[in-house]
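Colleague: Dropping the structure in here first, questions after.
Read-outs: derived from the displayed coordinates by stated rules, not from any lab. No experiment lies behind these values; they were computed from the predicted model shown. Here the Cβ positions follow ideal geometry from the backbone for every residue, glycine too, while neighbour counts run over all protein chains shown.
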Amino acid sequence: MRAHSGTAAQPQRTLLVGCGKLGTRLGLRLAAGGGEVLGLRRETDALPDAFARVSIDLREPVPRSLIPEVDAMVITLPPDDGGPDSAYVRSLRHVADALPAVPRRVVLVSSTRVLEGRGGPSPLSESDGPAPASARSTALLDGERLAIDRLDAHVVRPAGIYGPGRDMLVRKVRDGVPVQYARRTNRIHETDLVRALEAMLREPEPPRLLHAVDARPAPLGDVVTWIADALGVPPPPPIEPAVPSGTVLRGDRLAALLGALRYPSFEDGYRALLER
């Protein structure tokens, strides 16, 4: 797998399905590079003027004529709580049914939550099989399988996404909300995730499965203690008893795709976030 290079091809016409904060940031990068961007969501009024707007409620069947033909598609639909009639899986199925043709490149943004049943201190990579342990993670995995089977999708699984506008942990530390210090955590800065999604579209042979995680998995206690010190406030109280949980994920494949992360550690990312 080679690092992302400027000579790789940019898609000419990209459909962003879901197109929330993450999809919008990606779309703005694609539009700045000269690509045509179409944002598909229920309410499209807030989308940038640079996007063509496709207003569709994917929870219901979609007539084929409503979705235009494109050469690339990125799906960033938010997962639901799962269950036998998951709206998330149903929406993905409706997308697959309505496409006039399968784009040459499809990227589904899933979640490392599908590995939650593999909790433990041993580092996990993309070669480790999924182990959903909840209805939500089962729905995510069902969505991955549907997207692969119907759309030949490449799958990106981000860990905890943080960055500007995604500062929930900072607010918890500032407010002194108790946290479980022993929980193992992984994360990715939104800037690096957007770079990864763009690379997945541009590269001739991107990985079929990518864990979008930085190079610094850490116990949550380490992270909140660092943030508290940077804020000049007391660390939040630990939840007792300490119960180790969560996974440790390797980010080698992401590093190989991008070369270097803009924010390779939580210290780098939260320092930049707090400086804002």
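Colleague: I'd like the trypsin sites (Lys or Arg not before Pro) in region 36-107 restricted to DSSP loop residues with at most 14 other Cβ atoms within 10 Å, sorted by number.
Modeller: Arg42, Arg59, Arg104
Colleague: Identify the trypsin sites (Lys or Arg not before Pro) of region 125-224 meeting these criteria: DSSP loop state and at most 13 other C-beta atoms within 10 Å of the C-beta.
Modeller: The qualifying sites are Arg208.
Colleague: Taking only Cα atoms, what is the 0 to 90° angle, nearest 10, from helix 135-151's long axis to the longest principal axis of the chain?
Modeller: Value to nearest ten degrees: 30.
Colleague: Please work out the C-alpha center-to-center distance from region 206-276 to region 30-89 and express it in whole Å.
Modeller: Using only Cα atoms, the two centres lie 30 Å from each other.
Colleague: Ok, one more. As a test, work out the antiparallel percent of DSSP beta bridges whose residues both lie in the chain, rounded to the nearest 5.
Modeller: DSSP beta bridges in the chain are roughly 10 percent antiparallel.
Colleague: Can you tell me the orientation of helix 190-202 relative to the chain, as the angle in degrees between its alpha-carbon axis and the longest Cα principal axis, to the nearest 10?
Modeller: Here the helix axis deviates by roughly 30 degrees.
Colleague: From the residues Pro78, Val233, Val243, which one has its Cα farthest along the dipole of the chain in the positive direction, the dipole being from +1 and -1 charges on Cβ of Lys/Arg and Asp/Glu about the Cα centre?
Modeller: Positive-most Cα among the choices belongs to Val233.
Colleague: Output the 0 to 90 degree angle, nearest 10, between the alpha-carbon long axis of helix 220-231 and the longest principal axis computed from the alpha carbons of the chain.
Modeller: For 220-231 against the chain, the angle is about 80 degrees.
Colleague: With an 8 Å Cα cut-off and a minimum separation of 6 or more residues, compute the relative contact order for region 101-145 in percent.
Modeller: Answer for region 101-145 is 43 percent.
Colleague: Can you compute log10 of I(q)/I(0) for region 195-276 with the Debye formula, treating each Cα as one identical point scatterer, at q = 0.11, 0.26 Å⁻¹?
Modeller: Values returned for q = 0.11, 0.26 Å⁻¹ are -0.42, -1.24.
Colleague: Follow-up. Using a 10 Å Cβ count of at most 13 others and DSSP loop calls, identify the longest part of the chain lacking such GluC sites (Glu not before Pro).
Modeller: Between exposed loop sites, the widest span is 70-276.
Colleague: Obtain the radius of gyration and the Kirkwood radius of the chain from its C-alpha atoms and give Rg over Rh.
Modeller: 0.97
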